[in-house]
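The values are calculated or read from the model by the stated rules, or taken from the named source; none is laboratory data. Because the structure is predicted, anything quoted here is derived from the model rather than measured. FYI the Cβ positions are ideal-geometry reconstructions off the backbone, even for glycines, and counts take in every protein chain you see.
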């Protein structure tokens, strides 16, 4: 792009220059193509094994007294990760249902709900959690690392991961009923 | 060994004390004005909307972030600390510029210099045939146009 | 019915453009003039056909045919008729159609010109224009059909191009309404201007490609498209300015340009286009830079497509609504195809594009023009890098970053300053040969003038060094330009015995491009005053006021008087309007009324500033927040934007300048062509 007209009153373009031009051009197109692919890609697809991530937890929302969750430590449990934010109106539609599902499944010890608070402020998040009586572990998605890994398209989104750490189902947008949540968890528990 | 540990504890103690000392003072300070909040918000970007500075972003989420800045200012946190906090929590995209300045500026700078270099090399090659006579700087100016155009103009004049 | 008709015509137009491409290639290869003629007529047909399609779409828009998905998405019953028409380019599908329609108008215009003497270009101009058109129409036909209708089937309501079996048409009661941001008058004309600029750059590109393919790589293609290029540049520039004005009036951030990727996408072809406009002059005068001009026009064309791609494919924003659309990859493929084939062509013809003359002096006008090109390209590199960097960062480090105004401002301001300096020197240097001595003789008076102006500003207005440098350059360019103008007029007055005004007038008439260009330079400088003003002297404050309370900024005091809220049900808007008294140094100036308009149909707020505009500064007041429930007061944000009006003044002069430069000169043109033909005969006879 900075190629400012080599004057060269000779015939044709020297081979090395041609190579540079084409490499540059193809490189440029490749970057745009990769960017495009990324934009077109949806969220992480079911069937993919989820890598380890760290979710710090808000105080009062710890898991067994630990203020941080390593995803790899949760093998053997069905994990439901819900991305939400206090400024997100649709999230409020499902908040009560999620909490209810948690109270149902918590005693089994086989299921863990995690709330990943997507770009939010802690005071507002606490107001929200209190308002809906949420008790399952919740914490900020620091620097959007987790949401970027899952390539979320917005909030709310919920990811169901089986006991082996493999993603099995993705819910885009809020749940409309408790039944929906149950159905997904039950298939994973079987 | 023992003395260095003592120094360490002393430093730690000073830091802790300093921390305790600053907090009550700044907490007593007045609530930060909108202008003070905006001054910092102006340099940060909304993490959810595309390329909108935080001070002009009208969404509910941005209002919350401005409130956060206000409360952090009230706690006596400095501008750098607030920026640092935002980067840790919401990622580097809240900054108006990528954190790694060098990489950002280096590539266009190199490209521009390369372009300039090629242009001047081009100049030199163009001028080579006339370089000997170029010593005489005050050579009479060449006719302004090449013969073809001159002839064209002449034909034009004949037309009138 | 109408929708099916519109879609049918669209499909036919698509086929016509394809036919045109094949007939032109076939006719050229097999040397069948009749085939080429047939291709030409087919291309001529695209405009009436697309006008018919557009007519069908406008009919649907005006008459609330909400069974059509596009109509449902961009209009609602409460919108006035003129907005329903302009909603045509308010959405993806419609704006693509609008693009094709404008393109077809230009293509048809081109076919109507006399082709006698450049017959060999014709088929390839047709090919390029029709391939471009076919691409855009194809987008509409296959992926973004503006005529897709809602049908109710067993699976629910979805939109289909054609009626599926066992379905009934579904008509929603009301539409979603146009995004309120797009209802502003600025937004109504901003996209058409920008698109006009975009599509009209296709024409010079088509000629350039035709020249490359036919091997007639002399400057004929440049002479043929000179005026097209100027008009293209006019539209593009005007579109950019209108976009800035729109942002200033409705986006409510107190500025006109935010270095947003979408803005930069439109700015990049302007940069290459401007560079092209300058460097073609070197080719015309000196026969140099043929290769470079080709590269520039190819870049301009592909940046036009790239800009359209960036804003529509969702590459830049992963949460964009268009992200899942299929048009992203197709745009990408099209850019790749045109870029690679054009570059391959240019490499193939490289040898025959060599310069006829040599550079003789580093201070000659052509050398300075080259520097100008280097600077424009440098700004382009900065812009392109800024747009592409977040993409690269995310791909390679997984880190999302923002490249915002600080980067662009820091990286481009030295480039812009150098460009201004060049603008001051170049008009004084001669083609071919200039020396420090001749240049120095010409420039010392303007420099003295500019130094005086800067000194006065330093004493009375500002001590900021950046602004002073800027003002110095502005003054320098203005003085140089006026000096040049005056020298010409003075010489004319002496030799022709005209009075000075007639001399000015005739001078401009004699060499429109040159003096139009000078007017453009001056207008650029007026715009620069506005930009320097707002960039370096803007101040702002924000505060919550109870009724009767006052906030002050610079010399202004604003007292909050009252606020009112009411519904305008026919237009579906809720208004909240605050009134403030404005005083300057205690003197009452009048009232300002910032508003928040809430649009029920699209559920969006618009913040309309209250503005008081003078040449010295703009007072710009926004109503940020007001809750009727709390009634504690209203929050206002106030900006003082010094000198920003010069920007708009400059852009008006700018328009005048381009129109002067681009206005057709019928008589002289025809004479020139005749003369040219005769010279060619003579020279070829001499060979």
Condition broken by residue A:58, with the remaining ones in (1) at pLDDT 90 or above; (2) at the interface with another protein chain (Cβ under 7 Å from one of its Cβ atoms) satisfied: (2)
Inside the stretch C:574-599, the number of residues satisfying the requirement of being part of a strand (DSSP E or B), free of Cβ contacts under 8 Å to residues at least 60 places away in the same chain and closer than 25 Å to residue C:182 by Cα is 9
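Being more than 7 Å from chain C (Cβ to nearest Cβ) and modelled with pLDDT under 85 is true for just one of A:39, A:17, A:8. Which residue is that?
Working: A:39 fails: more than 7 Å from chain C (Cβ to nearest Cβ); A:17 fails: modelled with pLDDT under 85.
That would be A:8, the only listed residue that is more than 7 Å from chain C (Cβ to nearest Cβ) and modelled with pLDDT under 85.
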Among the numbered conditions (1) more than 14 Å from every other protein chain (Cβ to nearest Cβ); (2) modelled with pLDDT under 90, tell me where residue A:131 comes up short. (2)
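In this structure, is residue B:93 modelled with pLDDT of 80 or more, more than 9 Å from chain C (Cβ to nearest Cβ), surrounded by 12 or more Cβ atoms within 10 Å (Cβ to Cβ) and in a helix (DSSP H, G or I)?
Values: modelled with pLDDT of 80 or more: yes; more than 9 Å from chain C (Cβ to nearest Cβ): no; surrounded by 12 or more Cβ atoms within 10 Å (Cβ to Cβ): yes; in a helix (DSSP H, G or I): yes.
For residue B:93, the condition - modelled with pLDDT of 80 or more, more than 9 Å from chain C (Cβ to nearest Cβ), surrounded by 12 or more Cβ atoms within 10 Å (Cβ to Cβ) and in a helix (DSSP H, G or I) - is not met.
Can you say whether residue C:329 is assigned to a helix (DSSP H, G or I), surrounded by fewer than 18 Cβ atoms within 10 Å (Cβ to Cβ) and at pLDDT below 90, as far as the supplied structure shows? Give the steps one after another, and end with the answer.
Values: assigned to a helix (DSSP H, G or I): yes; surrounded by fewer than 18 Cβ atoms within 10 Å (Cβ to Cβ): yes; at pLDDT below 90: yes.
Here the answer is yes, as residue C:329 does meet what is asked.
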Looking at the structure I just gave you, is residue B:98 surrounded by 20 or more Cβ atoms within 10 Å (Cβ to Cβ), within 12 Å of chain A (Cβ to nearest Cβ) and part of a loop (DSSP other than H, G, I, E, B)? no
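Only one of B:116, B:137 is within 30 Å of residue C:364 (Cα to Cα), within 9 Å of chain C (Cβ to nearest Cβ) and modelled with pLDDT of 80 or more; which? Explain how you work it out, then say what you get.
Details: B:137 fails: modelled with pLDDT of 80 or more.
So the residue among B:116, B:137 that is within 30 Å of residue C:364 (Cα to Cα), within 9 Å of chain C (Cβ to nearest Cβ) and modelled with pLDDT of 80 or more is B:116.
For residue C:446, state whether it is within 14 Å of chain B (Cβ to nearest Cβ) and free of Cβ contacts under 8 Å to residues at least 40 places away in the same chain.
Values: within 14 Å of chain B (Cβ to nearest Cβ): no; free of Cβ contacts under 8 Å to residues at least 40 places away in the same chain: yes.
Criteria not met by residue C:446.
Return the only residue of C:198, C:238 being over 30 Å from residue C:349 (Cα atoms) and either in a helix (DSSP H, G or I) or more than 12 Å from every other protein chain (Cβ to nearest Cβ) (or both). Give the steps one after another, and end with the answer.
Working: C:198 fails: over 30 Å from residue C:349 (Cα atoms).
Answer to the selection: C:238.
So which of C:516, C:530, C:543, C:509 is surrounded by fewer than 21 Cβ atoms within 10 Å (Cβ to Cβ), in contact (Cβ under 8 Å) with a residue 40 or more places away in the chain and not in a loop (DSSP other than H, G, I, E, B)? Before the answer, list the steps.
On the way: C:530 fails: surrounded by fewer than 21 Cβ atoms within 10 Å (Cβ to Cβ); C:543 fails: surrounded by fewer than 21 Cβ atoms within 10 Å (Cβ to Cβ); C:509 fails: in contact (Cβ under 8 Å) with a residue 40 or more places away in the chain.
Matching residue, one of C:516, C:530, C:543, C:509: C:516.
Hey, does the stretch A:70-77 have a residue that's over 23 Å from residue B:48 (Cβ atoms), free of Cβ contacts under 8 Å to residues at least 12 places away in the same chain and in a helix (DSSP H, G or I)? Explain how you work it out, then say what you get.
Kept after step one, since they are over 23 Å from residue B:48 (Cβ atoms), are these residues of the stretch A:70-77: A:70-77.
Next, from what is left, pick out any that are free of Cβ contacts under 8 Å to residues at least 12 places away in the same chain: A:73.
In the following step, the residues that additionally are in a helix (DSSP H, G or I) were identified as A:73.
Scanning the stretch A:70-77, I find at least one residue that is over 23 Å from residue B:48 (Cβ atoms), free of Cβ contacts under 8 Å to residues at least 12 places away in the same chain and in a helix (DSSP H, G or I), so the answer is yes.
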The stretch C:59-92: number of residues that are assigned to a helix (DSSP H, G or I), farther than 22 Å from residue C:312 by Cα and over 25 Å from the mean Cα position of the chain (by Cα): 5
Within the stretch C:378-435, which residues are more than 20 Å from residue C:268 (Cα to Cα), assigned to a helix (DSSP H, G or I) and within 11 Å of chain B (Cβ to nearest Cβ)? C:393, C:394, C:396, C:397
Counting only residues in the stretch C:345-374 that are facing chain B (nearest Cβ under 9 Å) and in a helix (DSSP H, G or I), the one farthest from residue A:143 (Cα to Cα) is identified as C:367
Among the residues of the stretch B:46-66, which ones are within 15 Å of residue A:121 (Cβ to Cβ), more than 7 Å from every other protein chain (Cβ to nearest Cβ) and out of contact with any helix residue (DSSP H, G or I) (no Cβ under 6 Å at 6 or more places or on another chain)? B:57, B:59, B:62, B:63
Odd one out for residue A:26 among (1) surrounded by 15 or more Cβ atoms within 10 Å (Cβ to Cβ); (2) free of Cβ contacts under 8 Å to residues at least 24 places away in the same chain: (1)
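When you look at residue C:170, is it assigned by TED's automatic domain parsing to the domain that holds residue C:84 and surrounded by 24 or more Cβ atoms within 10 Å (Cβ to Cβ), yes or no? Don't jump to the end; show me each part of the working.
Details: assigned by TED's automatic domain parsing to the domain that holds residue C:84: yes; surrounded by 24 or more Cβ atoms within 10 Å (Cβ to Cβ): no.
It is false that residue C:170 is assigned by TED's automatic domain parsing to the domain that holds residue C:84 and surrounded by 24 or more Cβ atoms within 10 Å (Cβ to Cβ).
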Sole residue being assigned to a strand (DSSP E or B) and either in the same structural domain as residue C:331 (by TED's automatic domain parsing) or closer than 27 Å to residue C:55 by Cβ (or both), chosen from C:142, C:150: C:150
Within the stretch C:257-316, take every residue that is within 13 Å of chain A (Cβ to nearest Cβ) and not in a helix (DSSP H, G or I) and give me the one that is surrounded by the fewest Cβ atoms within 10 Å (Cβ to Cβ). C:287
Of the residues in the stretch A:155-174, how many are outside any strand (DSSP E or B) and either without any contact (Cβ under 8 Å) to a residue 12 or more places away in the chain or touching a strand residue (DSSP E or B) at 6+ places or on another chain (Cβ under 8 Å) (or both)? 7
